[in-house]
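Take a look at the structure below.
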Amino acid sequence: MSTLQASTVLCATGSISSRCQRRNSTVAAINLPRLRTSTLSLPNLPTRGLVKELELRNGNYPTTTTTFIEKHFNSPKIRPETNDSDPMMITKLYTIMEAVADRVEMHKNIGEQRNNWNSLLLTSINAITLAAATMTGIAVTSANGAPMMAVKTASTLMYLSATGMLLLMNKIQPSQLVEEQRNAARLFKQLLGQFQTLISVGSPTMADVKEAMEKVLVLDRAYPLPLLGTMLNKFPSTVEPAGWWPKQQRRKMKENSGKMDWNGWNGKLEEEMREIVGIMERKDKADYLRLSEKAVKLNKALAITGPLLTGLAAVGSAFAGSSPHGSWAAVLGVVGGALASIVNTVEHGGQVGMLFEMYRSNAGFFRFMEESIESNLNESDVGRRENGELFEMKIALQLGRSLSELRDLAASSSIKGEAHEEFASKLF
């Protein structure tokens with residue numbers, strides 16, 4: 001700038017104008033333009049999660065596979081929102097949830113496998129039985145000799161093999177096994193949802209973790225997977241409702257139990273719940289137990305009749321056409337095989353064992369609801385009960401009713417009496 005000022009003064013004097021012009025042109029030629037500074041905008045870089053950040057700092061690079069815990073812990077649906085939650089308790093609950101999710105898939109896969117057993121064994125046994133009956137009829141109409149003896153022997157062996165397979169099938173009842181696995185998968189999914197809700201809206205404690213473990217183990221015992229040793233009795237002498245829940249424990253005190261709000265309970269709601277328990281005891285559970293007893297009696301009769309008929313047919317085919325009563329033996333061999341296939345189709349094609357298990361499970365559902373309601377009513381401290389309004393809504397949903405319908409049901413039961421009661425559930 002000082003050089004420019006000096007040149008300007010020299011030009012003003014006019015003494016050396018030509019030199020001034022040359023110098024100004026030189027200065028103007030070497031005068032560089034002024035650079036404009038501006039802020040540089042960088043793209044926003046995505047921030048890593050806390051777990052990945054710690055792994056990178058420690059030199060551990062993340063892997064591409066994620067476990068059940070990592071997948072659900074970062075999910076906004078079940079991310080714990082309380083600041084006072086113990087991370088160790090949450091981790092333990094996620095570990096239990098991993099085991100429960102594995103059990104859901106395991107029961108689902110085994111249920112599909114045992115459903116294949118039912119269809120394949122039913123088709124195979126009926127095919128063997130009808131083929132043996134056909135061969136018995138052919139042997140009777142054929143001339144005596146080696147060919148007739150070969151056909152008779154083959155039909156007898158086929159009847160004996162069908163009898164053995166039928167005894168095994170009637171013992172394990174594949175259709176009932178399939179229903180057990182369906183119930184187990186559904187109940188484990190229900191447990192999974194309960195644990196996710198507990199983590200999302202609650203503050204899990206060690207008592208919650210122990211209760212979750214107990215629920216899983218009791219459900220394992222209620223619906224065992226092995227066929228040997230621990231398989232449920234398919235023909236019980238006394239039918240009892242299914243049980244898949246632990247004994248009701250006393251609940252912990254709510255934080256707001258000191259306030260005089262009665263935790264959503266009042267005398268009218270307690271009376272309503274008592275009426276609902278009575279209706280389920282007298283109507284729903286009793287009806288399903290009665291149906292269970294009929295189903296198990298029918299299933300037991302069919303399970304005895306089928307192998308008995310195939311055994312008699314085997315005897316008839318062995319003596320068909322070669323004894324003084326060969327004609328009657330042939331009739332026994334043919335008709336016995338046809339009747340055995342009909343009985344087998346009614347028992348396993350009609351899935352009578354599945355009906356028995358379904359009725360027994362439904363009776364267990366109503367007993368579970370009764371115990372749940374009674375455990376709340378027997379708790380003298382309302383602060384340890386479930387919230388009354390939420391509990392009433394849950395009972396109404398489980399019975400397939402609205403809140404007004406549930407209250408009308410309890411009111412009509414107290415007015416009309418037991419003779420005019422309707423069933424509590426509208427779902428099944």
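Results, tabulated for the structure shown:
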| quantity | calculated |
| --- | --- |
| Residue within region 262-272 that is at pLDDT 90 or above and outside any helix (DSSP H, G or I) present | yes |
| Verdict on residue 238 being at pLDDT 90 or above, β-branched (Val, Ile, Thr) and closer than 29 Å to residue 294 by Cα | yes |
| Residue, surrounded by the most Cβ atoms within 10 Å (Cβ to Cβ), within region 280-336, restricted to residues that are closer than 30 Å to residue 236 by Cβ and β-branched (Val, Ile, Thr) | 310 |
| One residue from 216, 178 being buried (at least 20 other Cβ atoms within 10 Å of the Cβ) and over 21 Å from residue 386 (Cα atoms) | 178 |
| Candidate set: region 374-407, residues that are among the aliphatic types (A, V, I, L, M) and in contact (Cβ under 8 Å) with a residue 24 or more places away in the chain; chosen: the one nearest to residue 247 (Cα to Cα) | 377 |
| Unmet criterion (only one of (1) at pLDDT 90 or above; (2) more than 30 Å from residue 222 (Cα to Cα); (3) among the charged types (D, E, K, R)) for residue 347 | (2) |
| Residue ID - most open to solvent (accessible area, probe 1.4 Å), chosen from residues in region 187-213 that are in contact (Cβ under 8 Å) with a residue 60 or more places away in the chain and within 11 Å of the chain's Cα centre (by Cα) | 189 |
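Residue-wise test of (1) of a type in the set (S, T, N, Q); (2) assigned to a helix (DSSP H, G or I); (3) buried (at least 21 other Cβ atoms within 10 Å of the Cβ).
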| position | (1), (2), (3) |
| --- | --- |
| 344 | yes, yes, yes |
| 359 | no, yes, yes |
| 366 | no, yes, yes |
| 373 | no, yes, no |
| 389 | no, yes, no |
| 407 | no, yes, no |
| 424 | no, no, yes |
| 427 | no, no, no |
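Here's the yes/no breakdown for (1) open to solvent by 50 Å² or more (accessible area, probe 1.4 Å); (2) assigned to a helix (DSSP H, G or I); (3) more than 27 Å from residue 346 (Cβ to Cβ):
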site: 120; (1), (2), (3): yes, yes, no
site: 131; (1), (2), (3): no, yes, no
site: 155; (1), (2), (3): no, yes, no
site: 185; (1), (2), (3): no, yes, yes
site: 220; (1), (2), (3): no, yes, yes
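The values are calculated or read from the model by the stated rules, or taken from the named source; none is laboratory data. As the structure is a prediction and not an experimental result, all values here were calculated from the model. Reconstructed Cβ throughout: ideal geometry from the backbone, glycine too, with neighbour counts over all protein chains shown. Protein only, heavy atoms only, side chains kept; ligands, DNA and RNA dropped before computing areas. Shrake-Rupley method; radii C 1.70, N 1.55, O 1.52, S 1.80 Å.
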